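> Handing you a structure now.
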Amino acid sequence: MTKEARDIARAFVAGEVCRRKRTYTDGNRIVLHGSTIAWREGVNVYACLCGWGTVITRDRLNALCRALDAPRFHQHRHRQYFDNAPIGVDDTVMLTKPGPLTEAMIELGIVKI
């Protein structure tokens with residue numbers, strides 16, 4: 001995981017703005033090279049490879065997964081996986097499940113119901 005990915009993931013979880021070389025977050029979405037790869041809808045956080053099953057895209061999303069204590073993205077034999085389940089490069093996956101993290105985000109006012 002790169003420092004850029006860590007910084008972006010931390011800012012996104014905190015609902016803050018952060019801009020780095022190739023990636024930025026406005027606190028509600030993460031954008032890599034102009035593609036929104038993660039976004040928040042209420043208490044849920046979603047992610048998509050946006051057609052790019054690259055090391056950089058997985059690095060940004062896995063930093064977010066680590067910050068949210070969610071399963072990770074990986075590649076095996078040119079196939080993309082999330083939590084060991086095969087996914088397409090344009091599939092959307094939900095990273096958050098109701099629990100202590102989402103409750104804390106609501107309590108801190110990061111997300112609204």
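Nothing in this text is a laboratory measurement; each read-out follows from the coordinates by a stated rule. Note that the structure is predicted; figures quoted are calculated from it, not measured. Please note: Cβ atoms are built from the backbone with ideal geometry, for glycine as well, and neighbour counts cover all protein chains shown.
> Below 8 Å between Cα atoms, with a sequence gap of 6+, how large is the relative contact order for the chain in percent?
In percent, rounded to a whole number, it is 23.
> Compare the Cα positions of Val17, Gly53, Thr92 along the charge dipole of the chain (+1 at Cβ of Lys, Arg; -1 at Cβ of Asp, Glu; about the Cα centre) and return the one farthest towards the positive end.
Gly53
> Where does each of Val89, Val43 land when they are ranked from fewest to most other beta-carbon atoms within 10 angstrom?
By the 10 Å Cβ count, ascending, the order reads Val89, Val43.
> When the chain is modelled as a GNM with alpha-carbon springs shorter than 10 Å, which of Asp83, Asp59, Asp26 fluctuates the most?
The residue that fluctuates most here is Asp83.
> Over 10 Å intervals from 0, what percent of Cα-Cα pairs in segment 50-96 sits in each interval?
Histogram of Cα-Cα distances, whole percents per bin: 28, 64, 8.
> How far, in nm, would the chain grow between Thr36 and Arg6 when pulled straight, counting 0.36 nm per residue and subtracting the alpha carbon separation?
9.1 nm
> Treating only the Cβ atoms of Lys and Arg (+1) and Asp and Glu (-1) as charged, compute the dipole magnitude of the chain about its Cα centre; round to the nearest 20 debye.
So the magnitude is around 440 debye.
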